[in-house]
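Heads up, the thing below is written out as structure tokens.
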Amino acid sequence: MDNVFLENLNSQKKIERVITVGTDLGAFPHSIKTSMEELGELVEADGAEVVGEVTQNLHKFNPKYLIGSGKVQEIKDMAEKLEVDAVVFNDELSGIQVRNLEKKIKKKVVDRTNLILDIFGLRATTYEAKLQVELARLEYQMPRLLGIDGWSRTGGGIGTRGPGEQIIETDRRRLQREIDKIKEKLKKAEKTRDTIRTRRVNSKLPVVSLVGYTNAGKSTILNKLKMEESKEVSVKDMLFETLDPSSRRSRLPSGREFIISDTVGFVSKLPTKIVEAFKSTLEEIKYSDLIVHVIDSSSEDIEIQYKTTISILQEIGVTDKNIITVFNKSDKVNIGDVNLPRAIAPEKKIFISAFNDEDIKRLLQKIEDNLEQNYVDVKLKFPYDDTDKLFELVDRFDLKPKYNDDGIYIELSLREDEVDRVKEYVTNV
């Protein structure tokens, strides 16, 4: 992979210096200021440093450079003065635009999509995630072959299919073969995930999915909700720190267990190829019993976070799920000043700080109240010579049995189908 920030990135011998470039057509769903701040965070997440910023208001994009030729010269002068290594554009560039800009500026030019692909490439750790990132990268490269210097030369000679076959066509076929191979590998990985999902469904444990903007605090919440013996997930104040899906067991106030799952966070302008490549993983959300949408309540752009996440959920076909919205980091703001999305019903939202234990308890209660399951409160009596199911329930629900002369008693909430399995032990005593 031709990484966005080339040599020495992983070795950290040199932090590359970057100029960021953004455009405003006057129709963005969020301000250019916010968008450029996010781009700067993406650059930092990839291990580089923003040393300069250029923006331009446009009526339409320039097909040659995306921006005006005067701005290109301004960037060239700034790049020389600041001794930068790369120029990162906030918009997606065509291969020809990248070629034209690099010839003019004499610096490496990267667009937002390539930047995100590079970050994903660095963060992916599981076999499936690495395949998904590689698929997105190859599909991103395919239409850009023409813009890459040296790939539009004409081939020929012994072993070619006729005179003058273009090297670009050879590379196109090579990329397509690689894409097809990765898709086949992903199909096999998907079968494995289907098996795991089936096993999880058969376990009858409710599944709750955490979704939301990257860096909203989903991983911190997962670590707070999980059982103590479960492994913690990585938490850093950085975009896309968590890329690979994580699932942990947790326990509701009633004592029932459930599965809490987290996946990749979202950002505005999340590349279509990334969404498509990760769609099979993201579709795990479709099989959850409840979606917990986490928003950073201290952000100035709550509406953007909300709309971005809802848009991606719609894109993967999640439109009819029960959703509660968690406004995290509420300790950093005056809740009365928070501009809330009007689409969220009052009973479907909750303000918390993931670092406040009482707030986590309230969140667990909110999750339990919103899980669409039919539960029945039951009292069970087990003879002393028949305790197999008793201890299974005690371990699963963390119960404290009551030992009487006539048997062992427990009280808990069970789904109706679970009550059928222990109906011989149900008692009204």
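The values are calculated or read from the model by the stated rules, or taken from the named source; none is laboratory data. Note that the coordinates shown come from a computational prediction; the quantities given were computed from them, not determined experimentally. As a convention, Cβ positions derive from the backbone with ideal geometry for all residues, glycine included, and neighbour counts pool all protein chains shown.
Some notes on this structure:
- Residue, farthest from Tyr140 (Cα to Cα), within the range 150-177, restricted to residues that are surrounded by 14 or more Cβ atoms within 10 Å (Cβ to Cβ) and modelled with pLDDT of 75 or more: Thr170
- Filtered residues of the range 327-340 (kept if surrounded by fewer than 19 Cβ atoms within 10 Å (Cβ to Cβ) and in contact with a Lys or Arg (Cβ under 9 Å, 6 or more places away or on another chain)): Leu340
- Within the range 65-104, the residues that satisfy the criterion of being in a loop (DSSP other than H, G, I, E, B) and more than 25 Å from Ser268 (Cα to Cα) are Glu83, Val84, Asp85.
- Matching residues in the range 409-421 - criterion: being at pLDDT below 90 and either farther than 25 Å from Phe258 by Cα or hydroxyl-bearing (Ser, Thr, Tyr) (or both): Ser413
- Candidates Glu368, Glu424: the one that is at pLDDT 85 or above, part of a helix (DSSP H, G or I) and more than 45 Å from the chain's Cα centre (by Cα) is Glu424.
- Enumeration of residues in the range 95-104 that are among the hydrophobic types (A, V, I, L, M, F, W, C) and buried (at least 18 other Cβ atoms within 10 Å of the Cβ): Val98, Leu101
- Qualifying residue in the range 23-43 (condition: at pLDDT 90 or above, in the same structural domain as Leu117 (by TED's automatic domain parsing) and over 26 Å from the mean Cα position of the chain (by Cα)): no
- Within the range 81-94, tally of residues that are out of contact with any strand residue (DSSP E or B) (no Cβ under 8 Å at 6 or more places or on another chain) and either buried (at least 18 other Cβ atoms within 10 Å of the Cβ) or modelled with pLDDT of 95 or more (or both): 1
- Exactly one residue among Leu66, Leu135, Leu117 is surrounded by 19 or more Cβ atoms within 10 Å (Cβ to Cβ), assigned by TED's automatic domain parsing to the domain that holds Ser31, under 17 Å from the mean Cα position of the chain (by Cα) and modelled with pLDDT of 85 or more, and that residue is Leu117.
- Filter result for the condition that a residue is in a loop (DSSP other than H, G, I, E, B), loosely packed, with under 12 Cβ neighbours inside 10 Å and either touching a Cys at 6+ places or on another chain (Cβ under 9 Å) or small (Gly, Ala, Ser) (or both), over Ala354, Ala343: Ala343
- Enumeration of residues in the range 374-408 that are of a type in the set (Lys, Arg) and at pLDDT 85 or above: Lys379, Lys381, Lys389, Lys400, Lys402
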